[in-house]
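Everything on this sheet refers to the single structure shown next.
The values are calculated or read from the model by the stated rules, or taken from the named source; none is laboratory data. If you're wondering where the values come from, they're calculated on a predicted model, not measured in any experiment. Cβ coordinates were reconstructed from backbone atoms using ideal geometry, including for glycine residues, and neighbour counts include every protein chain displayed. Areas reflect the complete protein model, heavy atoms only, side chains present, ligands, DNA and RNA absent. Shrake-Rupley method; radii C 1.70, N 1.55, O 1.52, S 1.80 Å.
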Amino acid sequence: MPCKRFHAVGNAVRFSFMTGTEWWRTAVIYQIYPRSFADANGDGMGDLAGITGRLPALRELGIDAIWLSPFYTSPQHDAGYDVADYCDVDPIFGTLADFDTLQRTAHELGIRVIVDLVPNHSSSAHPWFQAALAAPEGSAERAHYIFRDGQGENGELPPNNWESVFGGNAWTRVTNADGTPGQWYLHLFDTTQPDFDWDNPWVRAQFRDVLRFWLDRGADGFRVDVAHGMIKAAGLPDYTPPVEGGSMGGASVPEPGIVAEWAETAPYWAQGGVHEIYRDWRLVLDEYPGQRILAAEAWVDPLSRVAEWVRPDEMHQAFNFAYLETPWHGAALRRVIDDSVEAFSAVGAPSTWVLSNHDVVRHASRLALTAENLQGHGIGPKTAGLPDTVIGLKRARAASALMLSLPGSGYLYQGEELGLPEVVDLPDASREDPTWFRTNGERYGRDGCRVPLPWEGAAPSFGFGPTSSSWLPQPAEWAPLARDAQDGVAGSTLELYKLALRLRREHALGLGSVEWLGGFADDVVAFRNGDVTVIANTGTASVELPGGELLLASEPLAGRTLPGDTTAWLST
Ligand code: GLC
């Protein structure tokens with residue numbers, strides 16, 4: 001089922017604010033999770049028309065681009081990361097015409113649009129997989145995915161010991177047409193997400209068409225899902241995890257916080273063969289005008305390895321998950337900033353910075369967790385070390401102010417500009433993350449960071465949509481965090497983000513560099529970026545600010561004293 005090409009190139013409006021430097025090197029890119037951003041038709045599920053209607057608020061916020069999590073045809077077993085048609089919009093989100101309107105409106109507002117590409121696996125409902133199931137063993141259709149005979153006398157054991165990221169076995173056995181048990185297929189994620197065989201040239205050809213479909217429509221680029229997983233080690237060997245457990249983040253973690261559990265040595269992550277795919281895609285993108293980009297979701301360790309994804313002939317950006325995983329701790333932050341700048345600049349790429357997304361505990365909660373929390377496990381009522389919300393918000397504001405002062409490109413996740421915390425008390429019956437089901441509730445999963453946004457504190461569903469419906473319940477305590485309760489209110493988190501984004505642009509911080517300042521305690525991150533001095537105090541003892549006009553403070557200051565968990569920007 002080839003993607004039909006769209007012939008009218010949709011980017012009639014191109015960007016007047018280009019200065020000769022590629023936009024993505026310094027851009028602040030805002031992640032929209034379509035299910036939860038804004039609901040135009042009142043069915044409780046966000047949609048593309050809802051996003052279009054709210055774009056002016058993002059223009060006011062001051063971001064450069066949006067990244068849309070998947071809105072394609074999908075049975076929604078993994079919130080759309082299970083794609084059944086790569087070239088159409090799921091009816092719950094709207095139509096291709098709605099996408100075109102969204103994109104045109106964004107471009108008119110000077111906002112670029114990045115779509116999510118999910119190439120590691122499709123949905124099991126995709127016609128390609130359905131054809132594979134219907135075809136005999138050894139057929140061309142089966143060869144699009146990874147089918148193998150089982151082990152054991154009657155093939156009753158999975159082909160190897162790989163585990164799904166969401167918990168449980170990574171293989172599912174199929175039933176033949178005559179009712180007998182058949183081969184097994186690989187799914188690194190949910191059973192409904194069969195992995196493609198990327199060694200198969202047919203798969204590569206289909207995805208070149210998918211890229212062109214969205215590029216022809218005018219998309220400014222792709223965030224590439226599981227960009228470290230598409231090639232598996234030859235022979236699919238068993239995986240023996242390192243005794244100590246691996247880390248996605250590199251630096252050892254000196255404080256309780258987020259700890260990764262995906263080990264870098266797994267025979268399905270970070271295999272060298274993935275790079276050939278991205279070189280091929282880069283040639284496709286380079287055929288198009290307007291600096292279209294590829295951004296890698298590659299949970300790879302250490303940063304010098306992540307940088308391989310952004311060599312000059314591969315992708316443009318890679319998410320900096322090492323930064324996301326770094327605890328709120330001065331020395332650890334200084335180290336990860338140095339490592340990031342060094343690793344990415346060694347290949348001529350900008351560093352990116354990110355604190356939250358739809359897969360991790362929101363940083364307004366995560367930075368105040370007091371016990372270890374594994375990435376992807378989420379938090380819920382029974383989690384040990386639940387955060388103090390006041391401390392969490394204070395740290396989140398300070399951490400965001402620090403992040404937005406760094407050179408390179410930053411990623412924001414919808415709702416962080418409102419200071420939204422993770423929702424910890426979702427009713428079990430409302431949960432949808434496959435992690436919750438595949439672990440029988442042992443891991444809460446990611447629903448707590450996906451709760452629909454509050455736009456208007458006094459409206460039904462806090463203005464998420466025109467009715468009181470929202471696919472995950474919104475906590476009553478969110479009323480004062482709603483956008484209208486913060487808009488124009490001095491000191492609100494929303495105004496802090498707006499100020500930081502405006503100053504970042506005015507002082508060209510994205511193009512700058514980090515020049516460390518001495519003379520501060522170990523838990524203080526202090527540096528100069530161009531004509532701005534940044535001081536982030538991760539400790540408890542107050543710090544005397546140096547001279548210079550105060551441009552921004554993440555909390556109200558008494559005089560020239562910077563309390564703990566606070567960041568300030570000063571003119572030098
Ligand atoms: C990526 C996505 C995540 C999804 C998984 C499988 O990690 O960010 O949400 O569940 O891939 O597609």
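Overview of values
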{"read-out": "Condition met for V28 (more than 16 Å from the ligand (Cβ to nearest atom) and at pLDDT 95 or above)", "value": "yes"}
{"read-out": "Residue within region 492-501 that is surrounded by 21 or more Cβ atoms within 10 Å (Cβ to Cβ), assigned to a strand (DSSP E or B) and in contact (Cβ under 8 Å) with a residue 40 or more places away in the chain present", "value": "no"}
{"read-out": "Answer from D338, D313 - the residue that is assigned to a loop (DSSP other than H, G, I, E, B) and either at pLDDT below 95 or touching a Phe, Trp or Tyr at 6+ places or on another chain (Cβ under 9 Å) (or both)", "value": "D313"}
{"read-out": "Test for L285: is it out of contact with any Ser or Thr (no Cβ under 9 Å at 6 or more places or on another chain) and in a strand (DSSP E or B)", "value": "no"}
{"read-out": "Test: E261 is within 16 Å of the ligand (Cβ to nearest atom) and either at pLDDT below 95 or among the small types (G, A, S) (or both)", "value": "yes"}
{"read-out": "Qualifying position, being out of contact with any Ser or Thr (no Cβ under 6 Å at 6 or more places or on another chain) and under 12 Å from A399 (Cα atoms), among A541, A558, A553", "value": "A553"}
{"read-out": "In region 112-135, the residues that are within 16 Å of the ligand (Cβ to nearest atom) and either over 18 Å from W23 (Cα atoms) or in a loop (DSSP other than H, G, I, E, B) (or both)", "value": "D116, L117, V118, P119, N120, H121, S122, S123, S124, A125, H126, F129"}
{"read-out": "Any hit, region 539-561, residues being loosely packed, with under 14 Cβ neighbours inside 10 Å, touching a residue at least 40 places away in the same chain (Cβ under 8 Å) and under 25 Å from K498 (Cβ atoms)", "value": "yes"}
{"read-out": "R311 vs. criteria basic (K, R) and closer than 29 Å to R528 by Cβ", "value": "no"}
{"read-out": "Residue within region 50-57 that is modelled with pLDDT under 95, more than 16 Å from the ligand (Cβ to nearest atom) and buried (at least 20 other Cβ atoms within 10 Å of the Cβ) present", "value": "no"}
{"read-out": "Boolean, F462 is open to solvent by less than 40 Å² (accessible area, probe 1.4 Å) and free of Cβ contacts under 8 Å to residues at least 40 places away in the same chain", "value": "yes"}
{"read-out": "Residue list for region 550-570, restricted to those being part of a strand (DSSP E or B) and either closer than 22 Å to D522 by Cβ or assigned by TED's automatic domain parsing to the domain that holds L404 (or both)", "value": "A553, T561, L562, T566, T567, A568, W569, L570"}
{"read-out": "Region 477-490, subset among the aliphatic types (A, V, I, L, M) and within 23 Å of the chain's Cα centre (by Cα), residue least open to solvent (accessible area, probe 1.4 Å)", "value": "A482"}
{"read-out": "Pairs with Cβ under 8 Å, 6+ apart, first in region 163-176 and within 14 Å of D195 (Cα to Cα) and open to solvent by 40 Å² or more (accessible area, probe 1.4 Å), second in a loop (DSSP other than H, G, I, E, B) and within 16 Å of the ligand (Cβ to nearest atom)", "value": "E163/A170; N169/W162"}
{"read-out": "Residues located in region 197-229, provided they are crowded, with 24+ Cβ neighbours inside 10 Å, touching a strand residue (DSSP E or B) at 6+ places or on another chain (Cβ under 7 Å) and under 23 Å from P267 (Cβ atoms)", "value": "V224, A227"}
{"read-out": "Residue in region 325-335 that is in a loop (DSSP other than H, G, I, E, B) and farther than 18 Å from A536 by Cα present", "value": "no"}
{"read-out": "Sole exception among (1) more than 16 Å from the ligand (Cβ to nearest atom); (2) farther than 23 Å from I231 by Cβ; (3) of a type outside the set (A, V, I, L, M) for G138, by number", "value": "(2)"}
{"read-out": "Which listed residue is more than 24 Å from the chain's Cα centre (by Cα) and part of a helix (DSSP H, G or I), from A429, A521, A458", "value": "A429"}
{"read-out": "Residue match in region 358-369 (condition: surrounded by fewer than 24 Cβ atoms within 10 Å (Cβ to Cβ) and either outside any loop (DSSP other than H, G, I, E, B) or among the acidic types (D, E) (or both))", "value": "yes"}
{"read-out": "Residue match in region 443-458 (condition: within 19 Å of R54 (Cα to Cα) and among the hydroxyl-bearing types (S, T, Y))", "value": "no"}
{"read-out": "Positions within region 325-350 being open to solvent by less than 20 Å² (accessible area, probe 1.4 Å) and touching a Pro at 6+ places or on another chain (Cβ under 7 Å), in sequence order", "value": "P327, A332, F344"}
{"read-out": "Meets criteria (open to solvent by less than 50 Å² (accessible area, probe 1.4 Å) and modelled with pLDDT under 95) for F15", "value": "yes"}
{"read-out": "Tally, over region 177-191, of residues that are within 14 Å of the ligand (Cβ to nearest atom) and surrounded by fewer than 22 Cβ atoms within 10 Å (Cβ to Cβ)", "value": "1"}
{"read-out": "P434 more than 16 Å from the ligand (Cβ to nearest atom) and at pLDDT 95 or above", "value": "no"}
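Per-residue answers, yes or no, for (1) touching a strand residue (DSSP E or B) at 6+ places or on another chain (Cβ under 8 Å); (2) in contact (Cβ under 8 Å) with a residue 40 or more places away in the chain; (3) open to solvent by 30 Å² or more (accessible area, probe 1.4 Å); (4) outside any loop (DSSP other than H, G, I, E, B):
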position: I92; (1), (2), (3), (4): no, yes, yes, no
position: F99; (1), (2), (3), (4): yes, yes, no, yes
position: G110; (1), (2), (3), (4): no, yes, no, no
position: G138; (1), (2), (3), (4): no, no, yes, no
position: E153; (1), (2), (3), (4): no, no, yes, no
position: N161; (1), (2), (3), (4): no, yes, yes, no
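A quick yes/no check of all residues on (1) in the same structural domain as V310 (by TED's automatic domain parsing); (2) open to solvent by less than 50 Å² (accessible area, probe 1.4 Å):
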residue: G376; (1), (2): yes, yes
residue: K394; (1), (2): yes, no
residue: E416; (1), (2): yes, yes
residue: T435; (1), (2): no, yes
residue: R450; (1), (2): no, yes
residue: S468; (1), (2): yes, no
residue: P475; (1), (2): yes, yes
